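Take a look at the structure below.
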Amino acid sequence: MSRETVYIRDLAGHVGQRVELQGWLFHKRSSGKVKFLVLRDGTGYLQCVAFRNDVSPELFDRCDRVPLESSIRVAGVVRKDDRAPGGHELGLDELAVIHQAEEYPIQPKEHGVDFLFDLRHLYLRSRTPRAVLGVRNEVVQACRDFFYGRGFVLIDSPILTPAACEGTTTLFETDYFDQTAYLAQSGQLYLEPACMAFGKVYCFGPTFRAEKSKTRRHLTEFWMVEPEVAFLELPGLMELAEQFLEHLVGRVLERCPEELKFLERDVSRLESVRAPFPRLTYDEAAAILLEDRAQERMKEAGAPPFVRGNDFGGLDETLLTERFDRPVMVTHWPTAIKAFYMQPDPGNPSQALCLDVLAPEGYGEIIGGSQRIHDHDLLLRRIEEHGLPVEAFRWYLDIRRYGTVPHSGFGMGIERFVAWMCGIPHIRETIPYPRQIHRLYP
């Protein structure tokens, strides 16, 4: 009988057929006259079953001797079995060892976080990373599909830049031949000229923040998707962010049910994410945080009390979202605590035309954006007020000299969004190789 090499994900079309698969031995167990081997091939998991009376003694014995994570080739007949992982199993009649692994260091027992992340290159093979990074893969593709389907042009922004975008205190500085360069905090400044050329653009790439933070929400290297649109003002930007998040959540629910099930994610919390989202001004949000109940919660948690005019802390964001079942948009923040490029509200210049989108369930800010200053002289004044080197921003100011128009954009960190989708507590799980203050290995 002929056989065909297939992937586990495609087995539904091969029930009753004899096939060959290649992968790694993920798990094994024995029950007297039967051996169970679980194969993984990157697309799924497959239980392979060998009965003593159906196979040669040599093959039956080999099932016990193959170490975990050895690369193997198996063959047999595919059977439908709803109890088995993936809904199918293989009646094993052939087993070849491609490479016999050494004793695998990650065993089915409790390991500490540092141990697992020191072995991240191997830990990636485990079920939890596979599920989380599977969700990440779908989120990344959904981002690209959303913008491509709406006529946005992808603009690859540079990683090495001559100036800061968000603030000089969180930059990684590097020697660029005989000049000083920085690792990019955002692609936004380079998107603004591009939106004047193409109308609707976005960038998608790694960004770097030298913020000395050890919280569960921060990485020093992360991926960010950032759209920028000409002739778009704050109300339109809010609608774009709302549509974007609704699209992403819908895609994860539609295409990642197995991953969410394994992670024990309460999907009912995600099914509630529908437009329109609640909208608060900063002043309205501040009033909530200054209520006696909120102040008492902060005191119980040992967190500093909220002060009007300050940015929100992690607990502040959590308290604001607890009363809603979907993300909350907070707009019109104090200009004094926001970036230099944000457009002041013409009716109240002490407030910026900006928004933060806060995810529910304690996941904090997932989107930050604003209408940008499009007036040359105002932007120049803001650069000077922030003590930034004007010469480094000449090209950025040029945009306001040749056909300037109102324009807006936002940024969303992929890792925070994925953490929220998966319902996991720490952002380090959402990127293949996390970079934190204390972690640069592997």
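The values are calculated or read from the model by the stated rules, or taken from the named source; none is laboratory data. A quick note: this is a predicted structure, and the numbers were derived from the prediction, not measured. All Cβ positions, even for glycine, are placed from backbone atoms using ideal geometry, and neighbour counts span all protein chains on display.
The conditions are (1) at pLDDT 95 or above; (2) closer than 26 Å to CYS354 by Cα, and GLY314 fails exactly one of them. Which is it?
The number of the failed condition is (1).
Would the range 254-273 turn up any residue that is within 20 Å of the chain's Cα centre (by Cα), assigned to a helix (DSSP H, G or I) and within 26 Å of GLY403 (Cα to Cα)?
No, the range 254-273 has no match at all.
Give all pairs with beta carbons closer than 7 Å in which a residue from the range 94-111 that is among the hydroxyl-bearing types (Ser, Thr, Tyr) meets a residue that is at pLDDT 95 or above; count only pairs at least 6 apart in sequence or on separate chains.
TYR104/PRO67; TYR104/LEU68; TYR104/GLU69
Mind listing whichever residues of the range 80-99 are touching a Ser or Thr at 6+ places or on another chain (Cβ under 7 Å) and surrounded by fewer than 15 Cβ atoms within 10 Å (Cβ to Cβ)? Walk me through how you get there before you give the answer.
So in the range 80-99, the residues touching a Ser or Thr at 6+ places or on another chain (Cβ under 7 Å) come out as 97-99.
Within the range 80-99, ILE98, HIS99 qualify.
For the range 283-305, which residues satisfy the criterion of being charged (D, E, K, R) and in a helix (DSSP H, G or I)?
ASP283, GLU284, ASP292, ARG293, GLU296, ARG297, LYS299, GLU300
In the range 318-338, what residues are modelled with pLDDT of 95 or more and either in contact with an Asp or Glu (Cβ under 7 Å, 6 or more places away or on another chain) or of a type in the set (Lys, Arg) (or both)?
Passing the criteria: ARG326, VAL330, HIS332, ILE337, LYS338.
ARG52 passes all but one of (1) charged (D, E, K, R); (2) surrounded by fewer than 17 Cβ atoms within 10 Å (Cβ to Cβ); (3) touching a residue at least 60 places away in the same chain (Cβ under 8 Å); which number fails?
(3)
From GLY362, GLY403, GLY411, which residue is at positive phi and in contact (Cβ under 8 Å) with a residue 60 or more places away in the chain?
GLY403
Quick check on my filter: what residues within the range 309-337 are buried (at least 20 other Cβ atoms within 10 Å of the Cβ), free of Cβ contacts under 8 Å to residues at least 40 places away in the same chain and assigned by TED's automatic domain parsing to the domain that holds HIS386?
Answer for the range 309-337, where residues must be buried (at least 20 other Cβ atoms within 10 Å of the Cβ), free of Cβ contacts under 8 Å to residues at least 40 places away in the same chain and assigned by TED's automatic domain parsing to the domain that holds HIS386: just THR335.
Table: residues versus (1) touching a His at 6+ places or on another chain (Cβ under 9 Å); (2) surrounded by 13 or more Cβ atoms within 10 Å (Cβ to Cβ).
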| residue | (1), (2) |
| --- | --- |
| PRO360 | no, yes |
| GLU365 | no, yes |
| LEU378 | no, yes |
| ARG381 | no, yes |
| LEU388 | no, yes |
| GLU391 | no, no |
| THR404 | yes, yes |
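Yes/no per residue for (1) of a type outside the set (Ser, Thr, Tyr); (2) assigned to a helix (DSSP H, G or I); (3) under 36 Å from the mean Cα position of the chain (by Cα); (4) not assigned by TED's automatic domain parsing to the domain that holds LEU95:
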{"site": "LEU11", "(1), (2), (3), (4)": "yes, yes, yes, no"}
{"site": "GLU20", "(1), (2), (3), (4)": "yes, no, yes, no"}
{"site": "TRP24", "(1), (2), (3), (4)": "yes, no, yes, no"}
{"site": "HIS27", "(1), (2), (3), (4)": "yes, no, yes, no"}
{"site": "SER30", "(1), (2), (3), (4)": "no, no, no, no"}
{"site": "LYS35", "(1), (2), (3), (4)": "yes, no, no, no"}
{"site": "LEU39", "(1), (2), (3), (4)": "yes, no, yes, no"}
{"site": "GLY42", "(1), (2), (3), (4)": "yes, no, yes, no"}
{"site": "LEU46", "(1), (2), (3), (4)": "yes, no, yes, no"}
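How about the range 310-339: which of its residues are in a loop (DSSP other than H, G, I, E, B) and farther than 21 Å from MET412 by Cβ? It would help to see each step written out before you state the result.
Going through the range 310-339, the residues in a loop (DSSP other than H, G, I, E, B) turn out to be 310-313, 322-327, 332-333, 338-339.
Residues satisfying the conditions are ASN310, GLU322, ARG323.
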